[in-house]
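Okay, so here's the structure we're looking at.
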Amino acid sequence: MLAFCSEHEIDLVVVGPEAPLVAGVGDQLRHAGVAVFGPSAQAARIEGSKSFAKEVMAAAGVPTAERLSIARPPCVIKVDGLAAGKGVFVCRTQADLDAGLRAAAGQADSLVIEELLEGEEVSVFAVCDGHEALALPPAQDFKRLGDGDFGPNTGGMGSYSPVPRFGPAEVEELLATVHRPVVTELARRGSPFIGLLYAGLMLTDAGPRVLEFNCRFGDPETQSILPRLNGDLLETLHGASRGTLAGAPEGGATAAVTVVLTAPEYPAQGDSGSPIEGVEEAEATGALVFHAGTAIRADGLVTNGGRILNVTGLGSDVATARAAAYEAVGRISFPGMQYRTDIAERAEADVG
């Protein structure tokens, strides 16, 4: 990485995945004089360790789910480490709990047990320069595999933005309640957070509660947020990397809906080598098709992972964007392709 940056005179590195950030790639690049949008290894622990995140939130006075000493339904079991979005188990019954404990134990030695929160979920991304936090437009994510929010948790099956009844005033209140106190606490500890602080929140009857933090752009929300932005995102990221964050791009009038296409056995396992058809036809409709788990072989585009493609439709409102996304999805096929058919359905009804 260092040799590549030197050879090509790279001015800014934006780190996408969480594992390199937790491993300290940002530190190595910064020490060599390369500007990085992405936190240090110490600050990235906000995602890399659920226990660390709990400790920071407690010190910062940030509302979150109560930690439980005993696993008893209803509760939530979380792997205390990186799990590619598949380390959370919602346990409403004893059978759920038994299955969740078995699955979680296979991923890590340390677990976090929390109360089960109910309400609407929302994701708020904030660009941070170590001292300040400025929000990008909010999005809503769909974690469960199946329609109606049934089935196992996944890395995300779809998203949409904007979120009804969640405007600039509500976002600013969350920044003041969640992001800025965390950024201040990390700076106090000598680990300033420079990068994208993603808060997954539950809007409960008692107020917002943090479900999780990510230390980078998370998908599939990013695919719905970035196409909506007005202004120069690159300038914003570069300013944050230098500690001189002056502003963040705002969401435009466009709405976006993203549908994730997955392998037939996802999230249990991925798929490799199955031919994918129709991507060019989908893009011809005006949709954006993001490659997540694909590869190029001699005979063309094939599957190579769990979440294979992300299809984003754009429109003047959520209903129009949703129709565009699913029209494009209908042009794509690969063996066993699965996806949710209800992404943004309730938001469309709210707007309508």
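Per residue, the chain reaches -7500 deg cm²/dmol at 222 nm when only DSSP H runs of four or more residues are counted, each adding -39500 (n - 2.57). At what distance in angstrom do the alpha carbon centres of the stretch 1-75 and the stretch 124-193 lie from each other? First find each Cα centre; the distance between them is then 15 Å. For His31 and Ala58, the difference between the fully extended length at 0.36 nm per residue and the C-alpha to C-alpha distance is 6.6 nm. Counting only Cα atoms, the size of the stretch 116-227 along its three principal axes is 43, 30, 25 Å, in decreasing order. Beta-bridge orientation, the stretch 1-127: approximately 75 percent antiparallel, per DSSP, counting only bridges with both partners inside. Between the stretch 213-251 and the stretch 316-342, the C-alpha centres lie 26 angstrom from each other.
Nonpolar atom fraction for the stretch 1-76, defined as the carbon and sulfur part of the 1.4 Å probe accessible area, stands at 54 percent. Placing pseudo-labels 7 Å out from each Cα toward the beta carbon at Phe290 and Arg165 gives an inter-label distance of 2.7 nm. Taking Cα Rg over 2.2 N^0.38 Å straight from the coordinates, which label in (i) 0.92; (ii) 1.20; (iii) 0.97 is the correct one? Among (i) 0.92; (ii) 1.20; (iii) 0.97, the one derived from this structure is (iii).
For the stretch 133-214, applying the loop criterion from DSSP together with a ceiling of 12 other beta carbons within 10 Å to the chymotrypsin sites (Phe, Trp or Tyr not before Pro) yields no site. Within the assembled protein chains, the solvent-accessible surface assigned to Glu283 is about 80 Å², based on a 1.4 Å probe. Legend: calculated FRET efficiency, Asp317 to Ser69, from the Cβ-Cβ distance at R0 = 35 Å, rounded to 0.05, equals 0.15.
For a modelled paramagnetic label at Asp299, 7 Å from Cα along Cα-to-Cβ, the residues of the stretch 270-285 in reach, with backbone nitrogen under 16 Å, are 272-278. Site pair Asp98 and Glu120 shows an inter-label distance of 3.8 nm when each label is modelled 7 Å from Cα along Cα→Cβ. The accessible surface of the stretch 293-332, taken with every protein chain in place and a 1.4 Å probe, is 49 percent carbon and sulfur. Accessible surface area normalised per residue over the stretch 109-157 is 36 Å², counting heavy atoms of protein chains with a 1.4 Å rolling probe.
The values are calculated or read from the model by the stated rules, or taken from the named source; none is laboratory data. Quantities reported herein were computed from a predicted structural model and do not represent experimental measurements. Counting neighbours? That spans all protein chains shown, and the Cβs are built from the backbone with ideal geometry, glycine included. Please note that ligands, DNA and RNA were not included when accessible areas were found on the heavy atoms of the full protein model with its side chains. Shrake-Rupley method; radii C 1.70, N 1.55, O 1.52, S 1.80 Å.
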